[in-house]
Structures are given as C-alpha cells and as structure tokens.
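The values are calculated or read from the model by the stated rules, or taken from the named source; none is laboratory data. For clarity, every value in this text was computed on a predicted model and none was experimentally measured. Note that we place each Cβ from the backbone using ideal geometry, even for glycine, and neighbour counts take in every protein chain shown. Ligands, DNA and RNA are excluded from the accessible area calculation, which covers all protein heavy atoms including side chains. Shrake-Rupley method; radii C 1.70, N 1.55, O 1.52, S 1.80 Å.
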Amino acid sequence: MLVQGNRRLTSDIWVLDLVGEFPYDKVTPGQFVHVLIGDGTAHPLRRPISIASCDPVGKTLSLVYRVVGDGTKWMRERRPGETIDVLGPLGHGFPAPQRPGPVLIVGGGVGVPPLYQLAKVLHAQNVELDIVLGFKDHGDVFWADEFGKLGHVTICTEDGSVGRPGFVTEALGDDRDWATLYSCGPRSMLKALKTHFQGTDIQGYVSLEERMACGIGACWGCTCENADQSEARRICKDGPVFSWEEIQL
Amino acid sequence: MSVDLRVNLGSLSLKNPVMPASGCFGFGREYSEYYSLSALGAVVVKATTLHPRLGNPTPRVSEVTSGMLNAIGLANPGLENVLSEELPWLARQDVPIIVNVAGDTMDDYCQVVDRICQSGLAHAIELNVSCPNVQLGGLAFGVEAAVLRNLVEAVRTVCTLPLFVKLSPNVTRIQDLAIAAASGGADGLSLINTLIGMKIDLNTRRPVLANRTGGLSGRAIKPVAVRMVHDVAKEVRLPIIGMGGIYTGHDAAEFVMAGAWAVEVGTANFTDPYACPRIIEELRSFMEAEGIKNIEEIRGSAL
Ligand SMILES: Cc1cc2nc3c(=O)[nH]c(=O)nc-3n(C[C@H](O)[C@H](O)[C@H](O)COP(=O)(O)OP(=O)(O)OC[C@H]3O[C@@H](n4cnc5c(N)ncnc54)[C@H](O)[C@@H]3O)c2cc1C
Ligand SMILES: Cc1cc2nc3c(=O)[nH]c(=O)nc-3n(C[C@H](O)[C@H](O)[C@H](O)COP(=O)(O)O)c2cc1C
Ligand code: FES
C-alpha cells in the first residue's frame, strides 16, 4: 500500500496512514495486519500491528505503533509516496455485542489503537460507550479527543500527571452495570479486569499479544492455552480476540 | 523453450521439485487461502505424533538477522485428528502428501508410520529424527549412527510408502548419519533440519525463547545446508530433498547443483506467503534462460 502520511503522536508513538487496494470490506475491529520490514532479507518475520482505523470509502488504513525495535524504527522512517507490503486483515476481531446494554471499552498503551476502530463501528450503531484509556504519563496520551467524539472517555495515567491517577481498574469504581467489555492492553491489565468483574454477568472480550512468525495460523508459534489448558489456541488465527472464558489469561 | 520440471524421487513422482517444509505450512489449510496447493510438487505436513502435543511455552519464535529461531516443541493435534480431519481435507487438494513423523520412542514412530501408511491418504513418509526441541525424543535418534540405523530398520518393517529420513545438522559428520539411514532402508534423505541457536534479550538479560534454545532457519543457514547436501550427495546414492534458507528460484537451483533432487521451503513462507509458487516460476525462468530442459541436467553439477 502507498504511504500517505507518517506522523508522531507522542515521544515514541506514531501513526502511519496507508492508501490503496485492501480488502476493507472484510475488516472487523481488532484484526491486524502483518507488515513486511524492508524487503524481508534482514528481517524475515513480519510485524503484527492492529488496524487502528480503516475507511473503505476513502480507501485508507491507519496503524498506530510504538517504536521499540528495528522493525518499528524502519516503519518510522517511511515517507509519503513509498510503498509498504501489508498482509491482512488477519485473525478474528471483536464480535458484536451479544446482549443489549452499555459497552465498556478499556485500553492500555499500544492496546488502545484497535479499540478506536471498534469504538467507531459501535458508535455508528448507536451503542452507548464508556471508554477508559490507561497510559504511563501525560506524554504518552494519544487520541483522547478522537475517542471523546465516540463515547464518554476517562483517561488514567500511572503517575497521575493527567486524568485519574493509577490503573484503569481503579477508575472503574463500583460501577458494574455494563453488558459487554472489550479490552486490549498488557496481560496484567486484562487479568485485573477479569478479577474486577468476577461474579458479574458482563461478557468480556480480550485481545492478546504474542510473538508471531507466519501470522496466519500455520506455524503454531503464537499459541495460548484454552481455559482448562487441554488445547492450544493460535493467537494470530483463532484470536487475537478471545472471550475471556475461552482462554487461560 | 519449454522446460520439464517433473522429478521422480524413486517411486514418488512430483510435477515440480518444490514443496513447503514441515512445520512451516501446517496441514496446508491456511496457505490454501492464498493459492491452490495443486501448484506445489508436494506438501510436507507438520510433524505428527501418536498423541496430541501442546508444545513448548511461549515465546517460541524469535527473529535473528536473516533468520529465525523456533522452539515450537512439535505442537500438533495428534495422529487420530490428523487421520480424521487434516489428511482427508488435504487429500482433496490434488497434491501429493508427505507426512512428517516424530516420536519419543521407536514404538511411537512405528505405530504412527503404520497407521499413516494404512490410511491410504499419504504418498510418502518423512521421518523427523532431528527436531532439537523436545528433550525426550528427536535429538537422540538423529545424532548417533547406530541408534538411527535401528530406528530406520524398525520403521522400514511397517512402512509401505517411500521413506525419507530427515537429517539433523547438529552432528559432527552428517555423512555418517546419511549412511546409517541408507543402510537401515531409507528410500531417500531430507536435509537439513534447524541448527540449534540462542538469542538473549539485552533488557531482561535472559534468553528470548522460553525454551532457552531454538532451531535456526532461514537465509542465515543456507551455506551450511548447501555444504551438507553436497557432502551427503558425494557419499550416498539416494534421492535427496534439500532445504535451508531457500527464498528464490536461484537458491533452489543452487541446492540442485549441490546434489538435491528436490527442495523444501520453510521460513520463506512466513516472509512471503506466495514463496512456493513464486520459487517454482523463478526456477522455470532460470532454466529457460540457461537452456536447461530438465532439472537432471544440473543435478549434482558441483559434485
Ligand atoms: C496481534 C498484535 C497486534 C499488535 N498491534 C500493535 C499496535 O497496534 N501497535 C503497536 O505499537 N504494537 C502492536 N503490537 C506489538 C508489535 O507487534 C511489536 O511491538 C513489534 O512487532 C515490535 O517490532 P520491532 O521490530 O520494532 O521490535 P523488536 O523487539 O526488535 O522485534 C523483534 C521480534 O519480536 C517481535 N515482537 C517484539 N515485541 C513484540 C510484541 N509486543 N508483540 C508481538 N511481537 C513482538 C517482533 O515482531 C519481531 O519478530 C501488536 C502485536 C500483536 C501480536
Ligand atoms: C516454525 C518451524 C517449525 C518447524 N517444524 C518442523 C517439524 O515439525 N518437523 C520437521 O521435520 N522440521 C520442522 N522445521 C524445520 C523445517 O522443516 C526446515 O527443515 C528448516 O526450517 C530449514 O528450512 P528453511 O530455512 O527453509 O526454513 C520447522 C521449522 C520452523 C521454522
Ligand atoms: S504466528 Fe504462525 S500460527 Fe500464529
């Protein structure tokens, strides 16, 4: 796809806008693309990056990524007019709410991007959204205003430099009336959420991360275990989104 | 000029010499969403064991410069599921099937090979005696000539299909293992499996892979693999399937010149899901450009 823009959002988080042919109509929120780094000679493994936003009419796809290593550094250097090889959309994204009622969306760090496309889709269906986004500090916050157009947003930072201090679970308080929870972020956050909502009948969906090779379900590199640890699930193919009852968090 | 890509590995006839390598292609379903598997010479499926295996803890893959490490740990759905679900599906895709078999004991290997042969769903067996990841099995069978010969002899008694033995590169003299496999009754040899490696994360100061070590594959191992195919081809007159870092038609031709009759493509599938059909076309173009009508014309030219 063609690079249309590549902008810095925070000190180490960037957004890459791509245009061109892509199976947009197949995209569900929470799916990812597998990005080829250079021509793949030095870096044979593609990098999994969530679809942060996708517009079938304007034919654009946006990826929000934190620069952590060689692959994401290469992504940061891409300039408008260059092309990038992305494979996708891959995996299974967030399913539509199974029950009526308000929806809670919780994101942490670079788990936030896929939740933006999700919030857009649910907002368009007139679903009431509570959105809680957790970041390290004020310099780490991105897209708070964009999310603000789609639902009621609470920002939390670990150091309290903006929004509520502390972890996202603390921001939830005693309120437990949501019908559905969608979440993406560090494992520790997903676990804390599951514990927080223990005993309620909220339906929870979580998006998981693992190191990947093929990205399409063929190599069994990226597995996690199902709830009773009797079978493996491939995060790239069966996930990355799972119902939190289905897997071992 | 029209070139003939067909190749006979003993009694196993392939329409071209390129097939995906075991463990890098599952049982074919995922890549069939990208192209028709009937374009391939054959499909070599994931190692199949008697019982289902979950494999090693994650992380179990890691990138290294021009290669990767894996410690999947022979995760697979087990013989029964492979026979009832995977092979019947693959058998409908109009492509020869080579089943890669692994086990913890000689008896495991024999039972799996016996059942696969009896099912009538496969065209050849590839015995994985070289997987470096599983503490119990794998390694022991593939590194000592006498042990390997015993295993191949035992499997031979139940194996009614062409039997390929896949050699480990983690040995002192790979020719000795090739000779042992041949004298045990192998119909052919595949090589190489992965080289044992390690990567350390500078932040955690610990190995990246939960298993600590993993098998190195991809472009980084190609010169080692070419040398080993050459060394084995010099000493053993059996059909050889060569592999290790093949990404292009030129790479495939290089293995043929080293003495391979056919090739497998592993890690390249992850970089480019269309790697196998692309390599077939590149090999065809190379032969056309060089005026090579039949792959046999260049086989072993470097020996
Ligand atoms: C389904 C999925 C969706 C993701 N979506 C996003 C996103 O939207 N934005 C974002 O910033 N990051 C996302 N990540 C994490 C992202 O894939 C890694 O940060 C990235 O691969 C790092 O590559 P690198 O070369 O810069 O880092 P390096 O550390 O140099 O990478 C080395 C190897 O490790 C792998 N790796 C390193 N960290 C991770 C990780 N956290 N998860 C998976 N593989 C990793 C790389 O892919 C590569 O193969 C996602 C991960 C998954 C599995
Ligand atoms: C993720 C992965 C899984 C593998 N699984 C198997 C396996 O189950 N059985 C086997 O015999 N070899 C297995 N291999 C080894 C490959 O079949 C091949 O021998 C090796 O990767 C070298 O080829 P390449 O450089 O083209 O990948 C695996 C390799 C990789 C990368
Ligand atoms: S990355 Fe290969 S199965 Fe998930």
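Placing dummy labels 7 Å off each Cα toward the beta-carbon, the span from A:Ala42 to B:Thr213 is 2.9 nm. What the pair-distance distribution of the range A:103-209 shows, using all Cα-Cα distances binned every 10 Å from zero, is 16, 52, 30, 2 percent.
Projecting the Cα atoms of A:Ala144, B:Thr49, B:Leu303 onto the dipole axis of the protein assembly as shown, where Lys and Arg carry +1 and Asp and Glu carry -1 at the beta carbon, places B:Leu303 farthest toward the positive end. With the cut-off at under 13 Å, measuring from each backbone N in the range B:26-40 to a point 7 Å along the Cα-to-Cβ line of B:Tyr274 picks out B:34-36.
The alpha-carbon positions of the range A:153-241 define a convex hull whose volume is 122 Å³ per residue. Annotation: extensible slack from A:Lys73 through A:Arg164 equals 29.6 nm (criterion: 0.36 nm per residue apart, minus Cα-Cα distance). Restricting the calculation to Cα atoms, the range B:7-297 shows an Rg/Rh of 0.94 when the hydrodynamic-style radius is the Kirkwood one.
Once the protein assembly as shown is represented by equal point scatterers at the alpha-carbon sites, with solvent omitted, what log10 I(q)/I(0) does the Debye formula produce at q = 0.06, 0.07 Å⁻¹? Values, matching the q order: -0.33, -0.44.
Summing +1 for each Lys or Arg and -1 for each Asp or Glu among the other residues whose beta-carbon sits under 14 angstrom from that of B:Gly188 gives +1.
Axis of helix A:113-124 versus longest Cα principal axis of chain A: the two differ by about 70°, to the nearest ten degrees. Only aspartates and glutamates eight or more places from B:Lys293 in sequence, or on another chain, were considered; those with a Cα closer than 14 Å are B:Asp4. Judged by a Cβ-Cβ distance under 4.7 Å, the unpaired cysteines of chain A are A:Cys54, A:Cys156, A:Cys184, A:Cys222, A:Cys224, A:Cys236.
Placing a label point 7 Å from the Cα of A:Glu231 along the Cα-to-Cβ direction, the residues of the range B:30-54 whose backbone N falls under 15 Å of that point are B:52-54. If the only charges are +1 at each Lys and Arg Cβ and -1 at each Asp and Glu Cβ, what is the size of the charge dipole of the range B:7-297 around the Cα centre, to the nearest 20 debye? In debye, rounded to 20, the range B:7-297 gives about 600. Take the Cβ atoms of B:Lys293 and A:Ser243, set R0 to 56 Å, and the FRET efficiency comes out at 0.45.
For the options B:Thr49, B:Thr271, B:Thr65, a Gaussian network treatment of chain B with springs between C-alpha atoms closer than 10 Å singles out B:Thr65 as fluctuating the most. Within the range B:179-222, the proportion of Cα pairs with more than 17 Å between them is 55 percent. Setting aside same-chain residues fewer than 8 positions from A:Lys194, which lysines have a Cα under 29 Å from its Cα? Of all the lysines, those that pass the test against A:Lys194 - Cα under 29 Å, at least 8 places apart if same chain - are A:Lys120, A:Lys136, A:Lys149, A:Lys237.
Annotation: per residue accessible area for the range A:2-90 equals 41 Å², rounded to a whole number [probe 1.4 Å, protein chains only].
For B:Ser217, the accessible surface of its heavy atoms amounts to roughly 20 Å² (probe 1.4 Å, protein chains only, rounded to the nearest 10). The trypsin sites (Lys or Arg not before Pro) of the range A:101-185 that DSSP puts in a loop, and whose beta carbon has at most 12 other beta carbons within 10 Å, are A:Lys149. Projected onto its three principal axes, the C-alpha set of the range A:2-90 covers 32, 28, 25 Å, listed from the longest axis down. Take each residue in A:110-120, count the other chain C-beta atoms within 10 Å of its C-beta, and the mean is 0.
Counting only alpha carbon atoms, the long axis of helix A:187-196 and the longest principal axis of chain A meet at about 20°. Count Lys and Arg as plus one, Asp and Glu as minus one, and take only other residues whose Cβ is under 15 Å from that of B:Asp114; the net charge is then -2.
Count Lys and Arg as plus one, Asp and Glu as minus one, and take only other residues whose Cβ is under 13 Å from that of A:Val132; the net charge is then -2. Per-atom-type breakdown for the protein assembly as shown gives carbon and sulfur 49% of the accessible area (1.4 Å probe, protein chains only). Shielding of peptide B:57-68 by partners, expressed as the average count of other chain Cβ atoms within 10 Å per residue Cβ, is 6. What's the buried accessible area, both sides, between A and B using a 1.4 Å probe, rounded to 100 Å²? Buried area between the two chains comes out at roughly 2300 Å².
For the protein assembly as shown, the mean residue ellipticity at 222 nm estimated from helices alone is -7000 deg cm²/dmol, where every DSSP H run of n ≥ 4 contributes -39500 (n - 2.57) and the total is divided by all residues, rounded to the nearest 500.
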